[in-house]
Amino acid sequence: MKNTYSLLLLSGLLLFGFSCSKNDPPPADPCAGVTVTVTGSTMNPAAGAANGSINASASGASGFTYSINNGTFQGSGQFTNLSAGTYTIIAKSSAGCTGSANFTLTNVVTCNGVTISVNPTINGVTPCVTPSANGSISVAASGGTAPYTYSLNGGTFQSVTSFANLNAGTYSIAARDANGCSATQGSIVVGTRSSGPLFNAVKTLVQTNCVSCHNSSSASGGVNLSTDCSIVSAKERIRARAVDGNPSPMPTGGLLPANERQKITDWINAGGRVTD
Ligand code: HEC
């Protein structure tokens, strides 16, 4: 009985000793010595489009699934609808061994087939105001890839869509899109705005009733009313003399009829410009 007990104890110690031996090898790493290599081909997206693709494949193990930018793993290494950028493809074998590679897609910049329209809107010069160079052109290009920049007469490209302080004349504007594709429209004519009906009525009145005494060779009281701009610049004096009779009426023989005087008042109230 005592011997049997000793034998059991000894066997137990032996078993215990075997099962806990510190010299046991660690559990085998299924990826030890396995190198997963990812290769692939790319197709770049068109300018500004998300139609690029990566076709990746892996070697060094088997049963691969693939992930792009740490997304969900999928059975195929084909990724489509990609825009320009750098992507990381991870391949994982059925045993869980991984490898990765980066792929960079760049836009295919080609201006073939890109037709940019400049589309200018012209504001002509208003005569007889300061500054005299007060015309402008605003532009809104289309047909390319926004944002656009614009150049006047070959000058620096700017993102502002209008050119101001222009004299009457002929201009060209180039529009350049985000991919560097550009188009130029020449023969953009900034004209002088035509005179308005209220001014025309006053001008006729002045020519009929005033210019005989107020012209370049005989500028009574120092006032020449023979040009459009001289009428504009003297408008307050014209109103004082010909509407209010202050300090004495003009023409010298007496005030014009009320409906004629009203033409002066209406024009000045509308702004007193050539274009009113
Ligand atoms: C027959 C000649 C004659 C006609 C026509 C005439 N003027 Fe005069 N005007 C004068 C003379 C002379 C003076 C200078 C004496 C004075 O100021 O009263 C003068 C002065 C002026 C002045 C400058 C003085 C000021 O007050 O600023 C204005 C402006 C003027 N006239 C406006 C007119 C207008 C507008 C008409 C037409 C609706 C007109 N005149 C028609 C002879 C004329």
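The values are calculated or read from the model by the stated rules, or taken from the named source; none is laboratory data. Please read these numbers as outputs of a predicted model, since none were measured by experiment. Heads up, the Cβs are rebuilt from the backbone with ideal geometry, glycines too, and the neighbour counts pull from every protein chain shown.
Quick check on my filter: what residues within the stretch 172-195 are under 13 Å from SER151 (Cβ atoms) and modelled with pLDDT of 95 or more?
Within the stretch 172-195, SER172, ILE173, ALA174, ALA175, ALA183, THR184, GLN185, GLY186, ILE188 qualify.
Pick from GLY180, GLY245, GLY253, GLY186: which is among the small types (Gly, Ala, Ser), outside any helix (DSSP H, G or I) and in contact (Cβ under 8 Å) with a residue 40 or more places away in the chain?
Residue meeting the stated conditions: GLY180.
Across the stretch 239-264, which residue is farthest from the ligand (Cβ to nearest atom) among those that are within 14 Å of GLN207 (Cα to Cα) and within 49 Å of the chain's Cα centre (by Cα)?
Per the criteria, the residue is LYS263.
Among the residues that make up the stretch 44-58, is at least one of them buried (at least 17 other Cβ atoms within 10 Å of the Cβ) and over 31 Å from the mean Cα position of the chain (by Cα)?
Within the stretch 44-58 (the criterion being buried (at least 17 other Cβ atoms within 10 Å of the Cβ) and over 31 Å from the mean Cα position of the chain (by Cα)), the answer is yes, since at least one residue qualifies.
If VAL232 meets every condition in (1) part of a helix (DSSP H, G or I); (2) within 9 Å of the ligand (Cβ to nearest atom); (3) crowded, with 16+ Cβ neighbours inside 10 Å apart from one, which number is that one?
The one condition VAL232 does not meet is (2).
Conditions first: (1) surrounded by fewer than 19 Cβ atoms within 10 Å (Cβ to Cβ); (2) closer than 30 Å to ASN112 by Cβ; (3) without any contact (Cβ under 8 Å) to a residue 40 or more places away in the chain. ASN269 passes all but one, so which condition is the exception?
The single condition ASN269 does not satisfy is (2).
What pairs come up if the first residue lies in the stretch 206-233 and is among the charged types (D, E, K, R), the second is more than 9 Å from the ligand (Cβ to nearest atom), and their beta carbons are under 9 Å apart, counting only those six or more places apart or on different chains?
ASP228/PRO127; ASP228/CYS128; ASP228/SER195; ASP228/PHE199; ASP228/LYS203; ASP228/VAL274
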